[in-house]
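The values are calculated or read from the model by the stated rules, or taken from the named source; none is laboratory data. Keep in mind that this is a model prediction, so the values were computed, not measured. Using ideal geometry, Cβ is built from the backbone for each residue, glycine included, and neighbour counts are taken over all protein chains shown. Accessible surface is based on the protein model in full, side chains and every heavy atom, while ligands, DNA and RNA are left aside. Shrake-Rupley method; radii C 1.70, N 1.55, O 1.52, S 1.80 Å.
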Amino acid sequence: MEHQYLELRKFKHDYKNLIASLNTQDNISEIKDYLTDYAKSKEFRASLNDGSIASVQHLKNEILRGLVVQKFFYAKQCGVKLTIEIANTDFILSHGVTVGVRIIGNLLDNAIEQAQKMTDKIVTVAFNEIDNTAEIAISNPIDSDFNQYQIFETGYSTKGSNRGLGLTNVRDLVDQQKGFYMDIETKKDHVTMTLIVTEDK
């Protein structure tokens, strides 16, 4: 029962990322109507002027593209700049897309919330593909309390009690998905978490 309760809490923690990622699907008329209205808004046009969001056209998984767009505007609401780096070539996850969206959504949420507390309020998400290996790297500023050896422990959080589920989800999802790996690199006052996805054989 305790295990089932924990799994339910994990699902409730990141289900919003799955729902948000559906905003590009053709068969969801209400979401399409909302996005159409929002695309005409002053806030949307102002956001496009910086050119950062335009590169998402190279993300060829629709639900991944939808997630990144949603997080771009979420970061803006939080006073954080989300910089999107994609080479001028198409990027696609060959398998495990739904799991990938859950992982990336959690990593972006964590990075944006951490950046909110920092002077340097910039989060970078970079997409790269080399030799049938896809890499999604998310970098954000950190403070002196950051401990990369504890962040994936259940219940650990720098945001208060009952908040330490996101990165636990990431650890579990990576462990369960074939061809998924996680790399963490800390340099000075920044951390980069990279999801590595190898070609499914």
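A Förster radius of 22 Å, combined with the Cβ-Cβ distance separating I196 from T83, puts the computed FRET efficiency at roughly 0.60. For K81, K121, K178, K188, the ranking by accessible surface with the largest value first comes to K188, K178, K81, K121, using a 1.4 Å probe. Past 25 Å, Cα to Cα: identify those pairs from K117/K178; K76/K178; K117/K188, in the order given. Too far apart for the 25 Å limit: K117/K178; K76/K178.
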